[in-house]
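Here the structure is laid out as structure tokens; the discussion comes afterwards.
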Amino acid sequence: MKRGPQKREKKSLSITGLLDNVRGVFSQINNSIKSRRISLLDCLMSALAMFSLKSPSLLAFDQGKAEPTVEENLKTLFMIENIPSDTYMREVLDEIDPKKLRDCYLSVFHEAQRGKLLERYEYLGGLGGYLCLVDGTEIFNSEQIQCKNCCQKKHQDGRVTYHHQILGAVLAKPGLSQVIPLCPEPITKQDGATKNDCERNAFSRFLTDTKREHPRLKLTICSDALSANAPHINDLQAFGYGFLIVVKPEGNRSLFEWVKGINREVNMTVGKNKYTFRYVNNVPVNDTKNAPMVNFLECKWTEFIGKKEKKGCCAWATSHEITDNNLYELMRGGRSRWKIENETFNTLKNQGYQFEHNFGHGKNNLHTVFALLMMLAFLIDQMQEAACGLFQEALKSMKTRRAFWERMRSFFSIYVIESWTDLFEAMKQRTKFKGNRLNPNTI
């Protein structure tokens with residue numbers, strides 16, 4: 001049969017290029033113990049391989065690598081020289097400062113810039129820079145397991161639970177399925193601190209780090225109603241960031257009092273969906289002295305999903321001047337905040353990434369390091385899904401992402417794979433098989 005047209009990898013934004021990029025950053029992390037029999041680089045790449053393959057547990061990954069075919073594929077595709085045992089990997093990664101992994105995200109982000117992928121995410125025609133969705137989520141909770149960085153919650157019945165959270169941030173755009181994660185900010189007990197860390201403090205650290213790493217990056221920060229207060233808005237303005245923040249009558253009473261008399265409405269129909277907007281510019285966010293001025297937008301909608309009618313209402317405070325011409329896009333941006341919950345956290349928890357599984361807690365930093373490496377694997381997947389034609393076709397051939405990862409792991413176990421291109425061609429079911437080695441010649 002005649003060979004059909006093939007989509008090729010976009011080198012820098014394919015998994016081959018991205019893994020090579022990340023490996024280069026890993027190799028620069030100082031190895032505090034020079035006498036290790038397996039390098040820190042191999043431990044980091046092995047952990048990233050575990051999350052890239054969506055192994056259900058560290059034990060499953062450790063048992064799988066014992067198979068000669070899997071071992072060979074890990075060494076070839078993930079560029080690992082010596083694969084550590086599960087115990088050894090935990091011991092080594094527990095000692096890493098999570099901050100040293102930030103450069104991995106920065107390096108991959110620069111590839112998105114150089115590869116023109118970031119241009120797709122411009123918001124409000126570029127006037128809003130990029131829409132950055134920020135939210136916190138819990139990644140660990142236990143009554144028995146703890147480390148020195150765990151936050152604690154004391155219950156009325158005397159129980160104490162230990163937990164970790166992260167503040168996640170992704171670049172997103174209404175209408176695009178993929179997101180571009182930035183490096184998460186761990187919400188853990190800080191060095192020397194006696195009190196728990198909190199999302200507010202983590203948000204402040206996130207803004208500081210993001211401004212230092214991306215000084216010219218123009219962002220519109222989109223967050224929930226917990227951020228609709230003067231100190232947080234003042235921080236955003238001080239860093240030069242725009243904002244689009246949910247506001248609610250129970251949490252922003254004075255703001256809703258200010259806008260109560262607005263009679264101007266703008267009605268809009270898009271397809272079958274109907275929207276009613278009201279807005280006003282330049283009103284104080286609250287009734288305190290020197291309260292920051294914001295622009296207020298409210299939208300009520302009736303939308304049709306199939307034959308079902310769905311009604312809703314939401315309001316936002318924003319730094320962007322609202323006009324009849326941009327209120328629809330502002331509303332879409334505000335409502336896209338669910339992308340960090342549904343298309344990021346829920347994907348990580350429910351579509352094969354095992355986000356809430358405890359791969360190992362450690363005594364120091366292990367759980368946080370694993371969380372950052374898992375999110376890094378998610379970033380690489382999202383970049384491929386957005387820009388790599390081979391990955392897109394292979395993913396499209398499967399009904400679900402979970403089935404896609406299961407098929408990938410099965411190929412790792414059965415066949416010797418010489419390249420990621422061969423693997424994705426095989427996963428499209430267009431490859432001839434000879435023995436236990438994939439043949440890149442397609443039907």
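Here are a few things to note about the model shown:
- Residues of segment 129-164 with an amide N closer than 20 Å to a point placed 7 Å from the Cα of Ser57 along the Cα-to-Cβ direction: 139-146.
- Amide N proximity, segment 82-102 versus Lys363 label position 7 Å along Cα-to-Cβ, cut-off under 18 Å: 87-98
- Rounded if a/c under 1.5, otherwise prolate or oblate - segment 198-351, Cα gyration tensor axes: oblate
- Tensor-based shape of segment 7-128 (alpha-carbon gyration tensor, a/c under 1.5 rounded, otherwise prolate or oblate): prolate
- When nucleic acids and ligands are ignored and a 1.4 Å probe is applied, Lys99 ends up with an accessible area of around 150 Å².
- Sequentially through segment 72-82, phi angles give Karplus couplings (6.51, -1.76, 1.60; θ = phi - 60°) of 5, 5, 5, 5, 6, 7, 9, 6, 9, 7, 10 Hz, Gly and Pro residues having no value and appearing as x.
- Net length gained if the chain between Ala238 and Lys311 were fully extended (0.36 nm per residue, minus Cα distance): 22.6 nm
- From the largest down, segment 155-254 spans 46, 36, 31 angstrom on the principal axes of its Cα atoms.
- Extension gain, Glu341 back to Ser413 (0.36 nm per residue minus Cα-Cα distance, nm): 22.6 nm
- Computed across the chain, the Kirkwood hydrodynamic radius from all distinct Cα-Cα pairs reaches 23.8 Å.
- Multiplying the residue separation of Gln156 and Ala230 by 0.36 nm and removing their Cα-Cα distance gives an extension gain of 23.4 nm.
- Cut-off 19 Å, label 7 Å out along Cα→Cβ of Leu176, residues of segment 369-396 by amide N: 376-393
- Residue-normalised accessible area of the chain, expressed per residue, 1.4 Å probe, Å²: 46 Å²
- Of all accessible heavy-atom area on the chain, the percent that carbon and sulfur account for (1.4 Å): 47 percent
- Using a Förster distance of 51 Å, the FRET efficiency for Asn82-Leu127 (Cβ separation, nearest 0.05): 0.50
- Close amide-amide hydrogen proximity is noted between Phe243 and Ile221, Ser319, His320, each under 5 Å apart and 5 or more residues distant or on a separate chain (H modeled in the peptide plane; Pro and chain starts excluded).
- Segment 326-388 and segment 247-318: distance between their alpha carbon centers, rounded to Å: 29 Å
- Using the Cβ-Cβ distance between Ser142 and Arg253 with R0 = 60 Å, the FRET efficiency computed as 1/(1 + (r/R0)^6) comes to roughly 0.95.
The values are calculated or read from the model by the stated rules, or taken from the named source; none is laboratory data. No experiment lies behind these values; they were computed from the predicted model shown. In this analysis, Cβ positions are derived from the backbone assuming ideal geometry, glycine residues included, and neighbour counts consider all displayed protein chains. Side chains included, ligands, DNA and RNA excluded: accessible areas come from the protein's heavy atoms. Shrake-Rupley method; radii C 1.70, N 1.55, O 1.52, S 1.80 Å.
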